[in-house]
Amino acid sequence: VRAIDWEIWTLAQHRSPEIMDFVDKWICIAPHIEKKLRAEANFEGRLKLIRPGVNLEKFTLKETETDGFQIGMVLGDMWWPKNHMGGLEIFNMLGTGGWKLHIRGQHEGGEYWPLMYEHYLDSRGIQDAVTLYGPVADMNEWYEQIDILLHPGMKESFSYAVAEAMAKGIRPVIYNFYGAEDIWPKKYLFNSVNEAEHMLTDPSAYDPMEFRDYIKDNYSIERMMEEYNKYLGT
């Protein structure tokens, strides 16, 4: 069983004695999830932290030359923990000057969320600077158009979007969510919208190979699969 992030904070069934006895091996993908699980149940050596891995052959170093003002946000479902409105607020602070925001995501069900989103764009006069994309078949190609990955999510277990973008040599600007400091270098994290704005506009913070090498050294798919094979005996 891989303990899913959201479930460990909202459900207790997987810590019940019946489930504990039924499952032979447990896997989690981040230290803050492991800490939560170990605090609530005795796994008797059956819980293993295996960090995620990115396929570096699929997510290749970015080749497209862009102007340095293209920001990406990859959110999936745009519900409140993903903090897409916070991301828009940060983008709006940048003002004029050629900045563009590319959002990969979709609104939650209901009429209010799209209305709130469109009102923000219209009332701030940034509707022409923001593009919302639906499902994308080739994310490696999608990342080619952006220079910086802004990740405003307030609750994450890892965030593959950050890792994929870094694998392509794209600079990450990551909200300091609970658990982030055990996953990403602190210098990539922001605590306030002002810090995020500074990071987005700092030209000295760009080193594509630094970002790719960090993923290669810490989050490669080869390392992940080796750990899975060793733990599962496959």
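The values are calculated or read from the model by the stated rules, or taken from the named source; none is laboratory data. Source: prediction; values computed, not measured. Reconstructed Cβ throughout: ideal geometry from the backbone, glycine too, with neighbour counts over all protein chains shown. Side chains included, ligands, DNA and RNA excluded: accessible areas come from the protein's heavy atoms. Shrake-Rupley method; radii C 1.70, N 1.55, O 1.52, S 1.80 Å.
Structure notes:
- Relative contact order (%) - criterion: Cα under 8 Å, at least six apart; region: the stretch 109-200: 21
- Solvent-accessible surface of protein heavy atoms, probed at 1.4 angstrom with all chains present, puts 177, 22 in the order 22, 177, largest first.
- Helical segments meeting 15 Å axial Cα length and Kyte-Doolittle -1.0 threshold in the chain (DSSP H): 112-124
- Annotation: peptides 88-96, 167-175, ranked by per-residue average of other Cβ atoms within 10 Å with the highest first, follow the order 167-175, 88-96.
- For residue 65 and residue 4, a Förster radius of 35 Å and the Cβ-Cβ distance give a FRET efficiency of 0.35, rounded to the nearest 0.05.
- The accessible area of residue 157, taken with all protein chains in place and a 1.4 Å probe, comes to roughly 20 Å².
- Just so you know, the averaged projected area of the alpha carbon convex hull for the chain sits at 14.1 nm².
- For the chain, adding -39500 (n - 2.57) for each run of n ≥ 4 DSSP H residues and dividing by the number of residues yields -11000 deg cm²/dmol at 222 nm.
- Candidate lysines - alpha carbon under 26 Å from residue 186, same-chain residues fewer than 8 apart omitted: 35, 36, 48, 62, 82, 100, 155, 168, 216
- Measuring nothing but how far apart in sequence close Cα pairs (under 8 Å, 6+ apart) lie, relative to its length, the stretch 77-234 scores a relative contact order of 22 percent.
- Distance in nm between pseudo-label sites at residue 222 and residue 19 (7 Å out along the Cβ direction from Cα): 3.6
- Accessible-area value, residue 73, 1.4 Å probe, nucleic acids and ligands omitted, Å²: 0
- Rolling a 1.4 angstrom probe over the stretch 1-81 with all protein chains present gives an accessible area of which 53% lies on carbon and sulfur atoms.
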